[in-house]
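Scroll down for the structure; my scribbles are underneath it.
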Amino acid sequence: MAHDTDLPIVYGAAYSVYVRAVRLALAEKGVAYELVEIDVFAEGGVPDDHLRRHPFGRIPSFRHGSFELYESGAIERYIDEAFAGPALQPTTPEARARLNQMTGILDNYAYRTLVWDIYVERVSAPREGRATDEVRLQAALPKAARCLTAIEDLMANDQWLVGTALSLADLHAVPMIGYVVQATEGRDLLAQHRRLASWWEGMRRRPSIQKLKLG
Ligand SMILES: N[C@@H](CCC(=O)N[C@@H](CS)C(=O)NCC(=O)O)C(=O)O
């Protein structure tokens, strides 16, 4: 059970896509929180105390009072429903279904391709002294294009992914798009998706996104 005075805790790392999405939801609700840094890639493996919070050893996990939760989608919905502030989920069944569909597409088809195959290969690998795997990157481009087209085809309008206001779908997508556009190929792909590019221009200016330096 959580009380109004309990400060939520996000366990994770500032670079993580899913930690970022949860932090954006907290920021947009105007909720103060603590970020406890966890190194899931530590040499000795995932720290034991984190495995107790998250049996799959991923980030983020979350605590509010005595209530503990993992899986970013569940955490984002809890944040929206447990705290005051602007609603981050639409009310109609159709728009709510779209929100679930969008986050499903992002998690199941976009995340690996945009972040690992394109951003990590083009931007992080050389930064860490490793050569880009060009075969992996080139193979990812049509898959990434399919993801962006699918998202764009479902977008509610040029401003929001679902519904008529900012929602968890936008916040779930921002960290992935924020990574892929750091690669030349990712910027080119986004430019070929006019409505999504227009959405990104609006999103990247939001204070919550600027504060985490995601835009
Ligand atoms: N389905 C999980 C995915 C979380 C996830 O994959 N997080 C990444 C960081 S963005 C992670 O923990 N990676 C560590 C690993 O793959 O071992 C969620 O939505 O919370």
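Given their separation in residues at 0.36 nm each and the Cα-Cα distance between them, Ala74 and Val36 gain 11.8 nm when the chain is fully extended. Its alpha carbons give the stretch 93-211 an Rg and a Dmax of 14.2, 48 Å.
Helices that extend 27 Å or more along their long axis by alpha-carbon positions and average at least -0.5 on the Kyte-Doolittle scale are, among the DSSP H runs of the chain, 134-154. The length gained by stretching the chain between Ala145 and Asn100 to full extension, at 0.36 nm per residue less their Cα-Cα distance, is 14.1 nm.
With contacts taken as Cα pairs under 8 Å and at least 6 residues apart, the stretch 130-215 reaches a relative contact order of 26 percent. Longest stretch of the chain clear of exposed loop sites (trypsin sites (Lys or Arg not before Pro), DSSP loop, at most 16 other Cβ atoms within 10 Å, sites excluded): 1-129.
Simple point charges give the picture: +1 on the Cβ of Lys and Arg, -1 on the Cβ of Asp and Glu, and for the chain a dipole about the Cα centre of about 480 debye. Once C-alpha pairs closer than 8 Å and six or more residues apart are averaged by separation and normalised to the residue number of the stretch 9-82, the relative contact order reads 37 percent. Between Ala165 and Tyr109, the simple spin-label model (points 7 angstrom out along Cα→Cβ) gives 2.9 nm.
Taking label positions 7 Å along the Cα-Cβ direction at both Glu201 and Trp116, the computed distance is 3.4 nm, reported to one decimal. The residues of the chain have, on average, 50 Å² of accessible surface per residue, using a 1.4 Å probe with all protein chains present.
Taking the DSSP bridge list for the chain and keeping only pairs wholly inside it, about 65 percent are antiparallel.
I need the shape label for the chain. Rule: rounded when a/c is under 1.5, else prolate if a/b > b/c, else oblate, with a, b, c from the alpha carbon gyration tensor. Note, shape of the chain comes out oblate.
Can you compute the helix-only [θ] at 222 nm over the chain? Use -39500 (n - 2.57) per DSSP H run of at least 4 residues, normalise by all residues, nearest 500 deg cm²/dmol.
Only helices count here, giving -14000 deg cm²/dmol.
With a cap of 15 neighbouring Cβ atoms within 10 Å, and only residues DSSP puts in a loop, list the GluC sites (Glu not before Pro) found in the stretch 1-101. Hits after loop and neighbour filter: Glu43. In the chain, the sites counted are chymotrypsin sites (Phe, Trp or Tyr not before Pro) in DSSP loop states with at most 14 other Cβ atoms within 10 Å, and the longest stretch holding none of them, exclusive of the sites, is 57-215.
The values are calculated or read from the model by the stated rules, or taken from the named source; none is laboratory data. Note that the coordinates shown come from a computational prediction; the quantities given were computed from them, not determined experimentally. All Cβ positions, glycine included, derive from the backbone under ideal geometry; neighbour counts span all protein chains shown. Heads up: the accessible areas ignore ligands, DNA and RNA and are worked out on the full protein's heavy atoms, side chains in. Shrake-Rupley method; radii C 1.70, N 1.55, O 1.52, S 1.80 Å.
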